[in-house]
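Structure first, commentary second.
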Amino acid sequence: MNTKILGLLAAAALATAACSQEKTTEVVATTPVTDSNTAVVTEDDVLARDEARRLAARVAEDLKLTDTVVVTRIEKTYYTRGRTLGELETRYSTDTTGRYLAMRETNDRADEEVRTTLNNPDYYNTYSANRASYGSGPYTVAPVRVVTASTGTGTSSVGQGSGVKKLERDGEGNRKTKYLNDAKVKVSDDGSRKVKLADGTKIKIDEDGNKKVKKPLF
């Protein structure tokens, strides 16, 4: 009798252990799997998109752009530039010269993409003259090419749609440009610039691309 009872107890113990193992297996099998490829939107990404959207809107306003496709492409260019500049800050954190050169190359590349997107010399000339308000630089200093109607004097008028109201040049290569939005730009022969925006903001950029901004008090 004792032998039979012991046998039954042993069988019951084995059955209980088997059930416990099956339940454990079921719990493990239902554990969710995390997809490592899931996209994560970071704070830097959101900031870069907001900045790109704001700057593209400013370009559209200054150039009186109505083509939404063009504005969207400019916004994409600024977004890419913003993300790249952020990465360069980290990559060249201890290399000031390397950071400057890499950032200048990034800004120049974005500048060229905008020129291609605008596909209009007059629009680009206006953009180039105002580009200090579309990014802090640095840029490679390049002359602004403006197609003007010669009047035989130092003052020229520019065709409609360019955004330029008046252009003045002297014999030493200095230029003064006044825009339809009341912005003014002075470019010296050494490449330095003085910009006064419509809201009163004053921007000075020396021949090395260093910039100083002075905003109005009111």
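Derivation of every value follows stated rules applied to the coordinates shown; laboratory data play no part. Source: prediction; values computed, not measured. Backbone-built Cβ (ideal geometry, glycine too); neighbour counts: all protein chains shown.
Values for this structure:
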read-out	value
Segment 41-90, dipole about Cα centre (Lys/Arg Cβ +1, Asp/Glu Cβ -1), debye to the nearest 20	260
For segment 90-136: rounded, prolate or oblate by the Cα gyration tensor [a/c cutoff 1.5]	prolate
Value of relative contact order over segment 49-148, rounded to a whole percent, pairs C-alpha under 8 Å and six or more apart	28
Cα-based Kirkwood hydrodynamic radius, segment 68-121, one decimal, Å	11.9
Stretch gain in nm, segment Asp199-Lys166, where the contour uses 0.36 nm per residue and the Cα spacing is subtracted	10.0 nm
Summed residue charge, Cβ within 12 Å of Lys215's Cβ, Lys/Arg positive, Asp/Glu negative	+3
